[in-house]
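Beneath this line is the structure, given in structure tokens, with notes to follow.
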Amino acid sequence: MHEFSIAKNIFDTVFQNIDKEDTVSKVTVEIGSFSGIESESIIFCWDILKENTRLKDSVIEVLSTDTTAECRKCGEIYTVRDYFFLCPECGSSDSEIIRGDKIILKSIEVEENG
């Protein structure tokens, strides 16, 4: 399950970006539809990783994003549906993915202490 190593990477990144006294309430990630990453698996792995840590009360929110491509022939930017890379403007299949093939850490929400 490669999602565990991805969740661990997110977990480690959160720890690197918070202060010792911070209490994290929510972590938001964006997962592209072409990334090959299962949202449910990330959530499951997060719940395992956070046990007995300062993140134990945090939740991970997973936002899904469509895959967007740019036609190399005419420059049209379009949403890819069902892994079908065909430019709706000129019909070319020569396209480059410009969004939706990655996982992005969008935010870390920290509770106010005091």
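The values are calculated or read from the model by the stated rules, or taken from the named source; none is laboratory data. All figures in this text were calculated on a predicted structure; none of them were measured in a lab. Backbone-built Cβ (ideal geometry, glycine too); neighbour counts: all protein chains shown.
Quick look at the values:
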item: Options T68, T28, T13: the member that is in contact with a Lys or Arg (Cβ under 6 Å, 6 or more places away or on another chain), touching a residue at least 40 places away in the same chain (Cβ under 8 Å) and hydroxyl-bearing (S, T, Y); result: T28
item: Count of residues meeting criterion [surrounded by 13 or more Cβ atoms within 10 Å (Cβ to Cβ) and out of contact with any helix residue (DSSP H, G or I) (no Cβ under 7 Å at 6 or more places or on another chain)] in region 36-52; result: 5
item: Test: K73 is of a type in the set (K, R) and either surrounded by 16 or more Cβ atoms within 10 Å (Cβ to Cβ) or more than 28 Å from K8 (Cα to Cα) (or both); result: yes
item: Positions within region 24-57 being of a type in the set (S, T, Y) and over 17 Å from the mean Cα position of the chain (by Cα), in sequence order; result: S25, T53
item: Residue count for region 57-79, restricted to those that are of a type outside the set (D, E, K, R) and either at pLDDT below 95 or closer than 17 Å to E38 by Cα (or both); result: 7
item: All positions within region 24-38 that are touching an Asp or Glu at 6+ places or on another chain (Cβ under 9 Å) and not in a loop (DSSP other than H, G, I, E, B); result: V24, S25, K26, V27, T28, V29, I31, G32
item: Close pairs from region 88-102: first without any contact (Cβ under 8 Å) to a residue 24 or more places away in the chain, partner part of a strand (DSSP E or B), Cβ under 6 Å, at least 6 apart; result: P88/Y78; S92/C71
